[in-house]
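Q: Below is the structure I would like to discuss, written out as structure tokens.
The values are calculated or read from the model by the stated rules, or taken from the named source; none is laboratory data. For clarity, every value in this text was computed on a predicted model and none was experimentally measured. We place every Cβ from the backbone using ideal geometry, glycine too, and count neighbours over all the protein chains shown.
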Amino acid sequence: MPRGGPGAYVVKKPKNLGKTVRQVFSYMTNTWKKKILLVIVFFLVIIASGSTIAATYLLTPTINLGILPVVGEPLTFDNLKPFIYYVSIMALAYIMGLISTWVYNFIMINLSAETLYTIRQDLFSAMEDLPVSYFDTHTDGDIMSRFTNDTDTLREVLSMALPQIFSSSLTILGTFSMMLFLSWQLTLIVIVMLGIMFLVIRTIGARSAKNFQEQQRRLGIVNGYIEEMITGQKVVKVFNHEHKIMDQFDEINNNLRDASTRANIYGNILMPIMGNLSYVQFAFCAGIGGWLIIIDQMTIGAIASFLQYSRNFSQPITQVSQLINQILSGLAGAERIFTFIENPKEEDEGFVELVNVERQPDGSLVETIADSQLWAWKIPQEDGSVKYNEIKGDVRFNDVSFSYDGKREVIHDISLFAKPGQKIALVGATGAGKTTITNLLNRFYEIDEGEIIYDGVNIKDIKKKDLRKSLAMVLQDTHLFTGTIADNIRYGKLDATDDEIKGAAELAHATHFINQLPDGFDTVITNDGGNLSQGQRQLLAIARAAVANPPVLVLDEATSSIDTRTEKFIEKGMDSLMLDRTVFVIAHRLSTVRNSNAILVMDQGEIIERGDHDELMKEKGRYYQLQTGQLELD
Ligand SMILES: Nc1ncnc2c1ncn2[C@@H]1O[C@H](COP(=O)(O)OP(=O)(O)OP(=O)(O)O)[C@@H](O)[C@H]1O
Ligand SMILES: [Mg+2]
């Protein structure tokens, strides 16, 4: 069963219990405040359980010393004094128990909220540090469940189950000692009855647990199916599959109903059986207790206390077994969280940085904090000095080979170069490896062989953050974030002024449609731009790249959904923006690439032709075939 897929909610035990417990504990005690609070909780739980046990014991003197001597006597204050005294102490004990329970619950809720805040924070930052490949190999739902299910079960464990199991254990211990103290004979009866109850729980409970797991598994399948059908609703309608999926749903829903019935039948008969058994136990104790009074072995008060203890005894015992399950599955969730946090981070051994520079009259470059529109790689030298390489957009792939999975090579021994200011086009059939080239350039993935040199620096030596900053990319699948149109464009450069944003939109030829929206640049985009057309989304993505104004621009199928006229305008705007900078264009539409300086025709991870439009047409090879329509590109 894949993790996070159907059945992910089945109760599972952590693989390495000790380690997980230690990790949870270290999160709970990572500040002095938390440590002190935990110690306070520890004592409050002891006080709470202790006072309930004490209050129950106080029944004995209340009856024996407070009530029985007064029966039949004249009612005077002196006579009633012991009664009032013991009842007051009993009330006090209960109140103390109540207050401590309330306070430790209050503290635990705060403590676990605090702990989960830190865990969530670590989870999120771990996610931001993951390499792109992780997201290619894990489903969104799988990653999401760390933030939702797993943290939620852990919260319940920390805030409720943990203090509860401690207090239940104390209650069991205390109650048992008190029962033994009051009467070993009656205690024996309670233990025998408990043994019988335990056997019942084991036989019925085992079945019930199995069926409950099955119910959870099938619930997971139903939920997964619903989720998939919500996202795939349009495709379902396009192919008229409503009936078919209704039938499929009917089947899995049926399965769920059956499993749920089985699980709950066993689950539900357990409770009444246990209830009846505890009445039987009560009757036995009361009967034999009565006999013990008659033969003067016990007092009425002691029997009253004992009966109360015996009633309070089985509850925490059944509770503990439930709590243990709950805690185990909470810890299993915690283990998944910690494994996620411990995932290997995206490595970065780069030391070359991107800096703004200014050119001195003598031609040398000097670092500046101003937005000088001139960039350089700042390369620390071995002798401690620093060298600046101006970034012009000179990109070279030398004998690069790459495979995603270490088995099937998707890029074979590719060499290419882009000179500053050139527009390089990559064309080729679907799956040829065009997008892969861009993934390698921005180091979403590491190449297996060869090298990529960017303005004289091996990209392996460049800090990833800086490398990516120097490249503006319009990815094949654009993503828009919840926020306004302006916010989305500003994503390319967070400190962009409104004018810069308008300029970028102008350049991308997006102003026209933005102005038609109800709130213009302040229109809120929701659900990944579901309220915009594909072409409009691409225009925004281009504006986002344009506002970043980087030395190198990579457009992956950026204009595929844009009409040819708008595309021409964008091209003009880009040409002026990208003067002296390098552009990689990946396009299916051949008109887009016609005016490129170099066209690289890719096929199955290799570059099979290169040249400009005229040269390639003369060559009469694959490009010629593509142009003249003798070969469909897709
Ligand atoms: N994340 C990935 N993991 C494994 N294999 C991948 C991954 N992405 C792409 N591939 C494989 O690598 C090959 C090249 O894919 P790539 O996305 O580079 O093609 P492309 O030329 O951009 O195609 P298109 O024109 O459809 O965008 C394909 O065979 C594809 O199956
Ligand atoms: Mg692609």
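Q: Across region 49-104, what is the number of residues that are farther than 17 Å from residue 307 by Cβ and not in a helix (DSSP H, G or I)?
A: 6
Q: Which condition number in (1) surrounded by fewer than 21 Cβ atoms within 10 Å (Cβ to Cβ); (2) within 16 Å of ligand 1 (Cβ to nearest atom); (3) free of Cβ contacts under 8 Å to residues at least 60 places away in the same chain is the one that residue 603 fails?
A: Here residue 603 clears every test but (3).
Q: Across region 169-204, what is the total count of residues that are buried (at least 20 other Cβ atoms within 10 Å of the Cβ) and of a type in the set (Gly, Ala, Ser)?
A: 2
Q: OK, next. Could you list, in sequence order, all residues of region 418-430 that are within 14 Å of ligand 2 (Cβ to nearest atom) and surrounded by 22 or more Cβ atoms within 10 Å (Cβ to Cβ)? Working first, answer last.
A: So the first thing to find is which residues in region 418-430 are within 14 Å of ligand 2 (Cβ to nearest atom), and the list is 425-430.
Within region 418-430, 425, 426, 427, 428 qualify.
Q: Name the residue, out of 306, 284, 313, 340, that is under 32 Å from the mean Cα position of the chain (by Cα) and not hydroxyl-bearing (Ser, Thr, Tyr).
A: Numbers: 306 fails: under 32 Å from the mean Cα position of the chain (by Cα); 284 fails: under 32 Å from the mean Cα position of the chain (by Cα); 313 fails: under 32 Å from the mean Cα position of the chain (by Cα).
Going through 306, 284, 313, 340 in turn, the sole match is 340.
Q: Here is a check on your reading of the model: is residue 317 assigned by TED's automatic domain parsing to the domain that holds residue 68, modelled with pLDDT of 90 or more and among the hydrophobic types (A, V, I, L, M, F, W, C)?
A: When the stated conditions are applied, residue 317 does not pass them.
Q: If you check residue 392 against the conditions, is it at pLDDT below 90, under 22 Å from residue 466 (Cβ atoms) and away from ligand 1 (no atom under 16 Å from the Cβ)? Outline the logic, then answer.
A: On the way: at pLDDT below 90: yes; under 22 Å from residue 466 (Cβ atoms): yes; away from ligand 1 (no atom under 16 Å from the Cβ): yes.
Criteria met by residue 392.
Q: Considering only region 399-421, state which residues are touching an Asp or Glu at 6+ places or on another chain (Cβ under 7 Å) and either of a type in the set (Phe, Trp, Tyr) or not assigned by TED's automatic domain parsing to the domain that holds residue 443 (or both).
A: 402, the sole residue that qualifies.
Q: Would you pick out the residues in region 514-558 that are buried (at least 24 other Cβ atoms within 10 Å of the Cβ) and within 16 Å of ligand 2 (Cβ to nearest atom)?
A: Selection gives 538, 541, 554, 555, 558.
Q: So residue 550 fits all but one of (1) away from ligand 1 (no atom under 15 Å from the Cβ); (2) of a type outside the set (Gly, Ala, Ser); (3) part of a helix (DSSP H, G or I); what number is the exception?
A: Here residue 550 meets the rest and fails (3).
Q: Does region 436-452 include one or more residues that are modelled with pLDDT of 90 or more, under 17 Å from residue 550 (Cβ atoms) and more than 30 Å from the chain's Cα centre (by Cα)?
A: Yes: one or more hits.
Q: Cβ-Cβ distance below 7 Å, separation of 6 or more or different chains: which pairs start in region 431-442 with a residue that is near ligand 2 (Cβ under 9 Å from one of its atoms) and end on one that is of a type in the set (Phe, Trp, Tyr)?
A: Partner pairs satisfying both residue conditions: 436/402; 438/584.
Q: Can you confirm whether region 444-457 contains a residue that is touching a Leu at 6+ places or on another chain (Cβ under 6 Å) and either of a type in the set (Lys, Arg) or surrounded by fewer than 16 Cβ atoms within 10 Å (Cβ to Cβ) (or both)?
A: Start the filter on region 444-457 by keeping residues that are touching a Leu at 6+ places or on another chain (Cβ under 6 Å), which leaves 447.
Remaining after also requiring either of a type in the set (Lys, Arg) or surrounded by fewer than 16 Cβ atoms within 10 Å (Cβ to Cβ) (or both): none.
No - not one qualifying residue is present in region 444-457.
Q: Please go through region 224-242 and give me each residue that is more than 23 Å from the chain's Cα centre (by Cα) and not polar (S, T, N, Q), ordered by number. So that I can check it myself, show each step before the final result.
A: Restricting attention to region 224-242, the residues satisfying the condition of being more than 23 Å from the chain's Cα centre (by Cα) are 233-242.
Result: 234, 235, 236, 237, 238, 239, 241, 242.
Q: Just to be sure before I move on: is residue 116 within 16 Å of ligand 1 (Cβ to nearest atom), in the same structural domain as residue 292 (by TED's automatic domain parsing), of a type in the set (A, V, I, L, M, F, W, C) and under 29 Å from the mean Cα position of the chain (by Cα) in the structure I sent?
A: Values: within 16 Å of ligand 1 (Cβ to nearest atom): no; in the same structural domain as residue 292 (by TED's automatic domain parsing): yes; of a type in the set (A, V, I, L, M, F, W, C): yes; under 29 Å from the mean Cα position of the chain (by Cα): yes.
So residue 116 does not fit the description; no.
Q: Enumerate the pairs (first residue in region 472-484 and under 14 Å from residue 544 (Cα atoms); second residue anywhere and more than 16 Å from ligand 2 (Cβ to nearest atom) and of a type in the set (A, V, I, L, M)) with beta-carbon separation below 6 Å, excluding pairs fewer than 6 apart on the same chain, so at least 6 apart or on different chains.
A: Qualifying pairs under 6 Å: 472/545; 472/548; 472/553; 474/542; 474/545; 480/525; 484/524.
Q: Are any residues in region 494-515 in a helix (DSSP H, G or I) and under 17 Å from residue 481 (Cβ atoms), and if so, which ones?
A: As a first pass, look at region 494-515 and keep what is in a helix (DSSP H, G or I): 498-507, 511-515.
Scanning region 494-515 gives 501, 504, 505, 514.
Q: Suppose we filter 565, 581, 622, 589 for residues that are within 16 Å of ligand 1 (Cβ to nearest atom) and either touching a strand residue (DSSP E or B) at 6+ places or on another chain (Cβ under 7 Å) or over 30 Å from residue 402 (Cβ atoms) (or both); which single one remains?
A: Working: 565 fails: within 16 Å of ligand 1 (Cβ to nearest atom); 581 fails: within 16 Å of ligand 1 (Cβ to nearest atom); 589 fails: either touching a strand residue (DSSP E or B) at 6+ places or on another chain (Cβ under 7 Å) or over 30 Å from residue 402 (Cβ atoms) (or both).
Result: 622 is the single residue among 565, 581, 622, 589 that is within 16 Å of ligand 1 (Cβ to nearest atom) and either touching a strand residue (DSSP E or B) at 6+ places or on another chain (Cβ under 7 Å) or over 30 Å from residue 402 (Cβ atoms) (or both).
Q: If a residue has to be within 16 Å of ligand 2 (Cβ to nearest atom) and among the hydroxyl-bearing types (Ser, Thr, Tyr) to count, how many in region 379-417 make the cut? Give the steps one after another, and end with the answer.
A: First, pick out the residues of region 379-417 that are within 16 Å of ligand 2 (Cβ to nearest atom): 402, 404, 410-411, 414.
With among the hydroxyl-bearing types (Ser, Thr, Tyr) added as a condition, the list becomes 404.
Total satisfying the criteria: 1.
Q: Sticking with this structure for a sec: Mind telling me which of the residues 471, 467, 475, 494 ends up being surrounded by fewer than 20 Cβ atoms within 10 Å (Cβ to Cβ) and more than 23 Å from residue 234 (Cβ to Cβ)? Even if it seems obvious, please write down each step before you answer.
A: Values: 471 fails: surrounded by fewer than 20 Cβ atoms within 10 Å (Cβ to Cβ); 467 fails: surrounded by fewer than 20 Cβ atoms within 10 Å (Cβ to Cβ); 475 fails: more than 23 Å from residue 234 (Cβ to Cβ).
Going through 471, 467, 475, 494 in turn, the sole match is 494.
Q: I've got another one for you. Mind checking which residues of region 397-438 are of a type outside the set (A, V, I, L, M) and near ligand 1 (Cβ under 7 Å from one of its atoms)? Walk me through how you get there before you give the answer.
A: Filtering region 397-438 for residues of a type outside the set (A, V, I, L, M) gives 397-399, 401-409, 412-413, 415, 417, 419-423, 428, 430-431, 433-436, 438.
Those that are of a type outside the set (A, V, I, L, M) and near ligand 1 (Cβ under 7 Å from one of its atoms): 404, 405, 428, 430, 431, 433, 434, 435, 436.
Q: Scan the helices (runs of 4 or more DSSP H) fully inside region 132-237 and keep the ones with 2 or more residues being among the charged types (D, E, K, R) and not assigned by TED's automatic domain parsing to the domain that holds residue 441. Spell out how you get there, then give the answer.
A: Numbers: elements: 132-137, 140-145, 151-156, 162-182, 184-231.
The helices (runs of 4 or more DSSP H) meeting that bar are 140-145, 151-156, 184-231.
Q: Restricted to region 372-385, and to residues that are touching an Asp or Glu at 6+ places or on another chain (Cβ under 9 Å) and at pLDDT below 90, which residue is nearest to residue 136 (Cα to Cα)?
A: 375
Q: While we're here: Only one of 59, 75 is in contact (Cβ under 8 Å) with a residue 60 or more places away in the chain and in the same structural domain as residue 165 (by TED's automatic domain parsing). Can you tell me which?
A: Working: 75 fails: in contact (Cβ under 8 Å) with a residue 60 or more places away in the chain.
None of the others qualify; the one that does is 59.
Q: Hey, could you check region 131-155 for residues that are β-branched (Val, Ile, Thr) and away from ligand 1 (no atom under 16 Å from the Cβ) and say which is farthest from the chain's Cα centre (by Cα)? Talk me through it step by step, then tell me what you get.
A: Going through region 131-155, the residues β-branched (Val, Ile, Thr) turn out to be 132, 137, 139, 143, 148, 151, 153.
Going one step further and asking which of them are away from ligand 1 (no atom under 16 Å from the Cβ), we end up with 148, 151, 153.
Details: 148: 6, 151: 9, 153: 13 Å.
Result: 153.
Table: residues versus (1) more than 17 Å from residue 586 (Cα to Cα); (2) not β-branched (Val, Ile, Thr).
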| position | (1), (2) |
| --- | --- |
| 422 | no, yes |
| 474 | no, no |
| 478 | no, no |
| 486 | yes, yes |
